[in-house]
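In what follows, a structure is listed as structure tokens, so that the remarks can point back to it.
The values are calculated or read from the model by the stated rules, or taken from the named source; none is laboratory data. Since the model is a prediction, treat every value here as computed from it, not as a measurement. All Cβ positions, glycine included, derive from the backbone under ideal geometry; neighbour counts span all protein chains shown. SASA here: full protein model, heavy atoms, side chains in, ligands and nucleic acids out. Shrake-Rupley method; radii C 1.70, N 1.55, O 1.52, S 1.80 Å.
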Amino acid sequence: MKLYDARTAPNPRRVRIFLAEKGIEVPTEQVDIVSAQNRSLEFRTKNPMGTLPVLELDDGTTIAESVAICRYFEETHPDPPLMGTDAKDRAVVEMWQRRIELEVFVPVAQAFRNVHAFFKGRIPQVAEYGEVCRTHAQQRFAWLDEVLADRPFVAGERYTIADITALCGIDFGRVSDIRILPEQVNLARWHAAVSARPSAKA
């Protein structure tokens, strides 16, 4: 088993944090995204999308997409549960994971993709759309601050994959100057707590 990783990218970090919370160690191979190694023909035989991370199993099966990889490890190593404990809880966690991915993580990523010099010449960039995404992400930080007013974690009383996605999205926002504002005290309290977990350093 091997995890193809990129230390500077937010999606691989989601998987690294998930594995750290589970106490699972998986051999990794760093893929150089600066030189576009992930877009090479050789790498695209493992993942035709050319994205990271990718988990390669011992039988040669390759699994891409962060949540899909996390699902594999949730099924093979159920403790501690990070994707729910029963039908209702799994549905609630999935609901919040999906909300955070679509409303926080994706806008942050699209702001970066459409404005930052890293993607210049790599993909078509629309600066105006990047600014729209930046504004949307900042508004969703305010929304998440409200959500966290009555709970310690995004999906409720327990740390889950929704917190991992939120942490990685919010931290990556700094690259595009999308930040937690001083008045967002609930979000800041949550961020300090999840950032203090040893897994956050993974």
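Structure summary
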{"quantity": "Under 17 Å from the Cα of K46 - lysines, other chains or at least 8 residues apart", "calculated": "K2"}
{"quantity": "Charged-residue dipole, Cβ positions (Lys, Arg, Asp, Glu), segment 1-86 about Cα centre, Debye nearest 20", "calculated": "420 debye"}
{"quantity": "Difference of contour (0.36 nm per residue) and Cα-Cα distance, T8 to Y72", "calculated": "20.7 nm"}
{"quantity": "Rounded Å value of the spacing that divides the Cα centres of segment 74-104 and segment 127-183", "calculated": "18 Å"}
{"quantity": "Estimated 222 nm signal from helices in the chain, with DSSP H stretches of n ≥ 4 weighted -39500 (n - 2.57), rounded to 500", "calculated": "-15000 deg cm²/dmol"}
{"quantity": "Scattering curve values for segment 1-55, log₁₀ I(q)/I(0), Debye with Cα scatterers, q = 0.13, 0.19, 0.27, 0.30 Å⁻¹", "calculated": "-0.30, -0.61, -1.10, -1.26"}
{"quantity": "Calculated P(r) tail over 19 Å for segment 115-177, as whole % of Cα pairs", "calculated": "43 percent"}
{"quantity": "Residues E25 and A188, FRET efficiency given R0 of 35 Å [Cβ-Cβ distance, rounded to 0.05]", "calculated": "0.65"}
{"quantity": "Average accessible area per residue (Å²) across the chain - probe 1.4 Å, nucleic acids and ligands excluded", "calculated": "50 Å²"}
{"quantity": "Accessible surface of the chain, 1.4 Å probe, proportion on carbon and sulfur as whole %", "calculated": "55 percent"}
{"quantity": "Inverse of mean 1/r across different Cα pairs in the chain, Kirkwood, Å", "calculated": "17.6 Å"}
{"quantity": "Dimensions (Å) - segment 146-202, Cα atoms, principal axes, largest first", "calculated": "30, 29, 16"}
{"quantity": "Principal axis dimensions, largest first and in whole angstrom, of segment 24-67 by Cα", "calculated": "29, 19, 18"}
{"quantity": "Cα shape, segment 1-111, gyration tensor, a/c 1.5 rule", "calculated": "oblate"}
